[in-house]
Amino acid sequence: MMAPMQHGNLRSVFVVVAGGPAAERHFEDTIQRKRTVEEVRGFLPSQEIENLERIYHGSNFIVWGAVPGPMNESRWEKMAPGDVVLIYNSGRIRFAGEIAAKVRNKELARYFWKENETGSTWEFMYFIVNEESTDVPIEKLNPLFGYQPHYRPQGFSMINEAAVSNFAQNYGDILGVLKTLERGDELIHLPMRKVRYARRCLRSALPSSCYTNSTTRWTYREALRTST
């Protein structure tokens with residue numbers, strides 16, 4: 001069954017630990033190795049197949065899942081299109097992408113990943129788009145969400161909304177931030193970035209146009225106060 005997905009203005013951020021032999025094998029099976037819509041036709045109703053075809057336009061896809069459990073189900077239920085999923089392994093964020101759709105399907109999960117030692121399978125499935133391989137030490141990302149640098153995520157988790165909101169206000173889009181951290185570039189707070197832009201406007205021929213169209217009243221005042 002394909003779950004209905006709704007989304008507000010703020011993107012949620014989910015973290016998945018791909019640690020241990022089984023998870024690493026699953027990572028190879030359905031993340032590094034993309035799968036085809038033809039593979040899933042025998043497992044999903046026609047409307048769900050059509051939805052995947054609309055999302056992927058005939059291209060192959062990547063997919064991940066979680067085993068049943070009260071916390072896993074609750075977090076999976078909160079997933080919506082555009083939310084971000086980060087895959088963590090051995091102290092680093094190895095992969096990032098956006099949620100496109102989700103489906104709960106035991107048979108399809110067994111086809112992709114078989115079962116664990118208790119007979120459960122990763123039936124809380126979600127399909128991913130706009131994926132990026134990354135190599136970012138978790139110590140660099142943790143403080144940006146208010147965690148201690150040595151914090152290590154466990155299982156399938158969701159970063160709390162307040163921390164995500166604060167992150168977005170200070171740094172912007174997380175996928176862009178990951179690329180900045182991976183390159184080793186300076187990470188600049190968005191408010192300071194706007195101030196720097198306003199300073200350039202002040203030195204331009206038409207500073208009032210910059211103020212009207214591109215910066216907030218506070219940013220313009222701050223640029224005036226701090227410009228030399």
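The values are calculated or read from the model by the stated rules, or taken from the named source; none is laboratory data. Just so we're clear, the structure is a prediction, and the values are computed from it rather than from any experiment. Cβ: placed from backbone, ideal geometry, glycine included. Neighbour counts: every protein chain shown.
A few points about this structure:
- Only one of the listed residues (GLU107, GLU77, GLU131) is within 18 Å of the chain's Cα centre (by Cα) and closer than 25 Å to ARG41 by Cβ. That residue is GLU131.
- Check on LEU144, more than 27 Å from GLU38 (Cβ to Cβ), at pLDDT 95 or above and part of a helix (DSSP H, G or I): yes
- Subset of the range 116-140 that is of a type outside the set (A, V, I, L, M, F, W, C) and more than 22 Å from ARG25 (Cβ to Cβ) - its residue that is surrounded by the most Cβ atoms within 10 Å (Cβ to Cβ): LYS140
- TYR151 being over 14 Å from the mean Cα position of the chain (by Cα), of a type in the set (Ser, Thr, Tyr) and either part of a loop (DSSP other than H, G, I, E, B) or modelled with pLDDT of 95 or more (or both): yes
- A search for C-beta distances below 6 Å between a residue of the range 119-132 that is within 23 Å of LYS179 (Cα to Cα) and any residue that is buried (at least 24 other Cβ atoms within 10 Å of the Cβ), counting only pairs 6+ apart in sequence or on different chains, returns PHE127/VAL63.
- Check on VAL37, of a type in the set (A, V, I, L, M) and under 28 Å from PRO137 (Cα atoms): no
- Members of the range 59-76 found to be without any contact (Cβ under 8 Å) to a residue 12 or more places away in the chain and part of a helix (DSSP H, G or I), listed by number: PRO70, SER74
- Pair list, Cβ < 9 Å and 6+ apart or interchain, from the range 140-165 residues that are more than 16 Å from ILE87 (Cβ to Cβ) to residues that are in a helix (DSSP H, G or I) and of a type in the set (Ser, Thr, Tyr): LEU144/TYR171
- ASN166 satisfies every condition listed in (1) on the phi > 0 side of the Ramachandran plot; (2) part of a helix (DSSP H, G or I) except (1).
- One residue from SER120, SER133 being in a loop (DSSP other than H, G, I, E, B) and in the same structural domain as ALA66 (by TED's automatic domain parsing): SER120
- Close pairs from the range 77-98: first charged (D, E, K, R), partner in a loop (DSSP other than H, G, I, E, B), Cβ under 7 Å, at least 6 apart: LYS78/SER12; ASP83/ARG11; ASP83/SER12; GLU98/GLY82; GLU98/ASP83
- Any hit, the range 37-58, residues being surrounded by fewer than 20 Cβ atoms within 10 Å (Cβ to Cβ), farther than 19 Å from GLU132 by Cβ and of a type in the set (Phe, Trp, Tyr): yes
- Of the helices (runs of 4 or more DSSP H) lying entirely inside the range 16-58, those carrying at least 2 residues that are assigned by TED's automatic domain parsing to the domain that holds TYR111, at pLDDT below 95 and not polar (S, T, N, Q) are 21-27.
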